[in-house]
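*Asks:* Handing you a structure now.
The values are calculated or read from the model by the stated rules, or taken from the named source; none is laboratory data. Please read all numbers here as calculations on a predicted model, not as lab measurements. Here the Cβ positions follow ideal geometry from the backbone for every residue, glycine too, while neighbour counts run over all protein chains shown. We work out accessible area using only protein heavy atoms, side chains counted, and drop any ligands, DNA or RNA first. Shrake-Rupley method; radii C 1.70, N 1.55, O 1.52, S 1.80 Å.
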Amino acid sequence: MAKFPINARFRGFICTSAHPTGCAQNVQRQIAIAKAAPGKPVGRVLVIGSSAGYGLSSLITAMWSHGASAISVCFERAAKDDRTASAGWYNLAEVHAQAKAAGKSIQTINGDAFSHAIKEQVLAAVKASGPIDLLVYSLASPVRVDPDSATKYASVLKPIGGPYTNKTVNLDSEQIQPITIQPANEADISNTVKVMGGEDWKLWVDALSKAGLLAKGCRTVAYSYIGPQLTYPIYRAGTIGRAKDDLEATAKRMDRELVQSIGGHAWVSVNKALVTQASSAIPVVPLYISLLYKVMKERGTHEGTIEQMVRLFNDQLIGVTPKLDEAGRIRVDDREMAADVQAAVAVLWETVESGNFLALSDYAGFKHEFRGLYGFELPGIDYAAPVEVDLPLV
Ligand code: NAD
């Protein structure tokens, strides 16, 4: 047991501490939103990448809007000496506490989802609890160690074909700066596809299918992003975009297989750009998000991860036939991509510079939400008070 006041330790888009009470408050807020939007029931859900961002909100939505029992997989760090646990650790600790209080069933397996050992542990857990009805694949990882060859692949965020120059916000100095990112080589592209493409998702689905652990009609979903032309060179037309192309192609292949084998489905849902640990690390994107938040909040169309997942699960995923776009994808990025929203963001993008940045953008909202991901800057919490950091995950 270790109790001490926790300081926020931010450097750029990284925070090396997290506040358990703040993380718990985030989870409680999401649960309240999910509970207020009850949907059709779903039996058993497996969420891979369940401790933060879209995966955490998927888990909460499945359990509290749709009554699911859950198995969850994450890769999080426990507290040690004077270090707090990671935010995802505290998030899931609270999900478990709330589930217990509500009589809901959840089991979490913490470890590298790319490894054979974790896949085997999860398969054993599913075998014990029963076949799953919904598999959410929401990993966002910078690296993947291939369990067979032990080769380590690193995903990179680079343009393809030529350098990309644009504006970005320096999260330390809070100044708008020009940024030039050099193009990827072939190895960068294939490594990023290896980490963030569809291969591992398919390995999970195949392993569960082979073991007879996908229930009849089981659905599986993974998350993608498209975004505006201005981020295309670094996102959709860059290395990460190639990985998303691969993810989407994998969904189509798996969908054909699942329809045939169990009357199931595999889809990709294209989600909105939001502040998460993963998205904050992408150059240019935090500035785009700051402007997007300003425009969407003014129009009353802003959503966070939980609102996005409640809409996805209720309207498209659970007990309904989704409306797919021309490429076969579910779209919940419709409000972000609305023509008037994008036109307004494009105008702001042209004019934004260090002098007018704070007035033109919702950087305050971005920063507040970013700090909130780690449990900081939340209302009603005495951040000077000592707090127990050594919480059990489950
Ligand atoms: P996140 O950083 O908030 O969460 C990532 C999750 O993956 C965490 O639960 C983490 O524990 C888990 N994880 C990472 N490596 C792991 C490993 N090796 N084994 C087990 N678990 C591991 O990420 P996010 O932004 O919610 O992204 C999730 C998905 O949503 C990604 O595919 C991302 O591209 C997509 N997406 C994100 C946005 C956005 O704006 N954030 C928009 C659209 C789509």
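*Asks:* Is the chain rounded, prolate or oblate when judged by the Cα gyration tensor, a ≥ b ≥ c being the square roots of its eigenvalues, rounded requiring a/c under 1.5 and prolate requiring a/b larger than b/c?
*Replies:* rounded
*Asks:* Tell me, in nm to one decimal, what length is gained between residue 261 and residue 211 on full extension, where the rule is 0.36 nm per residue of separation less the Cα-Cα distance?
*Replies:* Going from the current span to full extension adds 16.7 nm.
*Asks:* Given points 7 Å out from each Cα along the Cα-Cβ axis, report the residue 36 to residue 368 separation in nanometres with one decimal.
*Replies:* Those two pseudo-labels are separated by 1.7 nm.
*Asks:* Evaluate E = 1/(1 + (r/R0)^6) for residue 129 and residue 175, where r is the Cβ-Cβ distance and R0 equals 45 Å; express this FRET efficiency to the nearest 0.05.
*Replies:* 0.30
*Asks:* Same structure, new question: If contacts are Cα pairs under 8 angstrom and at least 6 residues apart, what is the relative contact order of the chain in percent?
*Replies:* Relative contact order comes out at 23 percent.
*Asks:* What share of the DSSP beta bridges in the chain is antiparallel, in percent to the nearest 5?
*Replies:* Antiparallel: roughly 35 percent of the beta bridges in the chain.
*Asks:* Placing +1 on the Cβ of each Lys and Arg and -1 on the Cβ of each Asp and Glu in the range 3-388, which of 365, 178, 354 has its Cα farthest towards the positive end of the resulting dipole?
*Replies:* 365
*Asks:* Output ³J(HN,Hα) for the range 337-342: one whole-Hz value per residue in order, computed from phi by the Karplus curve 6.51 cos²θ - 1.76 cosθ + 1.60 with θ = phi - 60°, and x for Gly and Pro.
*Replies:* 8, 3, 4, 5, 5, 5
*Asks:* Moving on to the next point. Which whole-angstrom value gives the distance between the alpha carbon centres of the range 347-394 and the range 94-148?
*Replies:* With the range 347-394 and the range 94-148 each reduced to a Cα centre, they are spaced 29 Å.
*Asks:* List the trypsin sites (Lys or Arg not before Pro) within the range 261-333 that fall in a DSSP loop (any state other than H, G, I, E or B) and whose Cβ has at most 15 other Cβ atoms within 10 Å.
*Replies:* 323
*Asks:* Which whole-number percent is the relative contact order of the range 131-273 (Cα, under 8 Å, 6+ apart)?
*Replies:* 29
*Asks:* While we're on this one: Calculated from DSSP H runs of 4 or more alone, at -39500 (n - 2.57) each and per residue, what is the 222 nm mean residue ellipticity of the chain, nearest 500?
*Replies:* Mean residue ellipticity at 222 nm (helix-derived): -12500 deg cm²/dmol.
*Asks:* Right, here's the next one. Pull out a ≥ b ≥ c, the square roots of the eigenvalues of the alpha-carbon gyration tensor of the range 1-147, then state rounded if a/c is under 1.5, prolate if not and a/b is larger than b/c, and oblate in the remaining case.
*Replies:* Judged from the Cα gyration tensor, the range 1-147 comes out oblate (a/c at least 1.5, b/c at or above a/b).
*Asks:* Rounded to whole Hz and in sequence order, give me ³J(HN,Hα) for the range 284-294 from the Karplus expression 6.51 cos²θ - 1.76 cosθ + 1.60, θ = phi - 60°, writing x for Gly and Pro.
*Replies:* Here the 3J(HN,Hα) series is 6, 4, x, 5, 4, 5, 4, 6, 4, 4, 4 Hz.
*Asks:* Okay, moving on. What size of dipole, in debye to the nearest 20, comes out for the chain about its Cα centre when the only charges are +1 on Lys and Arg C-beta atoms and -1 on Asp and Glu C-beta atoms?
*Replies:* 740
*Asks:* Pull up the cross-link candidates among the lysines for residue 167, meaning alpha carbon to alpha carbon under 16 Å and not fewer than 8 places away within one chain.
*Replies:* 158
*Asks:* I want the local charge near residue 73. Using Cβ-Cβ distances under 11 Å, sum +1 for each Lys or Arg and -1 for each Asp or Glu among the other residues.
*Replies:* Cβ neighbours under 11 Å give a net charge of -1.
*Asks:* By how many nm would the segment from residue 394 to residue 182 lengthen if fully extended, with 0.36 nm per residue of separation less the alpha-carbon distance?
*Replies:* Computed gain between residue 394 and residue 182 is 72.0 nm.
*Asks:* I've got another one for you. Between residue 101 and residue 151, with labels modelled 7 Å along Cα→Cβ, what's the label distance in nm to one decimal, could you check?
*Replies:* Here the answer is 4.8 nm between the modelled labels.
*Asks:* Please report the spacing between the Cα centers of the range 231-246 and the range 154-204 in Å, no decimals.
*Replies:* Between the Cα centres of the range 231-246 and the range 154-204 lies a distance of 8 Å.
*Asks:* Net charge near residue 264: determine it from the other residues with C-beta under 10 Å of the C-beta of residue 264, scoring Lys and Arg +1 and Asp and Glu -1.
*Replies:* Combined, the nearby Lys, Arg, Asp and Glu give -1.
*Asks:* Give me the dipole magnitude in Debye, nearest 20, for the range 289-394 about the Cα centre, with unit charges on the beta carbon: positive for Lys and Arg, negative for Asp and Glu.
*Replies:* 180
*Asks:* Read phi for every residue in the range 105-119 and hand back ³J(HN,Hα) as whole Hz from Karplus 6.51 cos²θ - 1.76 cosθ + 1.60, θ = phi - 60°, with x for Gly and Pro.
*Replies:* 3J(HN,Hα) across the range 105-119, in whole Hz: 9, 8, 10, 10, 10, 9, x, 6, 5, 7, 7, 5, 4, 5, 4.
*Asks:* Oh, and also: For the chain, report the accessible area per residue in Å² (1.4 Å probe, heavy atoms, rounded to an integer).
*Replies:* In whole numbers, the chain has 41 Å² accessible per residue.
*Asks:* Same structure again: When N counts the residues of the range 63-113, how does its alpha-carbon radius of gyration compare numerically with 2.2 N^0.38 Å, as a ratio?
*Replies:* The range 63-113 yields a ratio of 1.24.
*Asks:* Moving on to the next point. With a cut-off of at most 14 other beta carbons within 10 Å, and DSSP calling the residue loop, which GluC sites (Glu not before Pro) in the range 288-382 qualify? Please list them.
*Replies:* 326, 353
*Asks:* Also, I was wondering about something else. Would the range 137-262 count as rounded, prolate or oblate if I go by the C-alpha gyration tensor, calling it rounded below 1.5 in a/c and otherwise prolate when a/b exceeds b/c, oblate otherwise?
*Replies:* Cα axes put the range 137-262 in the prolate bin.
*Asks:* By the scheme Lys and Arg +1, Asp and Glu -1, what is the net charge of all other residues having a beta-carbon under 10 Å from that of residue 154?
*Replies:* Neighbourhood net charge equals +2.
*Asks:* I would also like to ask the following. Give the separation of the Cα centroids, the range 1-27 to the range 249-299, in Å.
*Replies:* Cα centroid to Cα centroid, the span is 27 Å.
*Asks:* Collect residues whose amide H, placed 1.01 Å from N in the peptide plane, falls under 5 Å from the amide H of residue 109; neighbours closer than 5 in sequence don't count.
*Replies:* Residues meeting the amide H criterion: 72, 73, 74.
*Asks:* Search the structure for amide H atoms under 5 Å from the amide H of residue 219, placed 1.01 Å from N in the peptide plane, and list their residues when 5 or more places away or on another chain.
*Replies:* Close amide H contacts, sequence-distant or interchain: 134, 135, 265.
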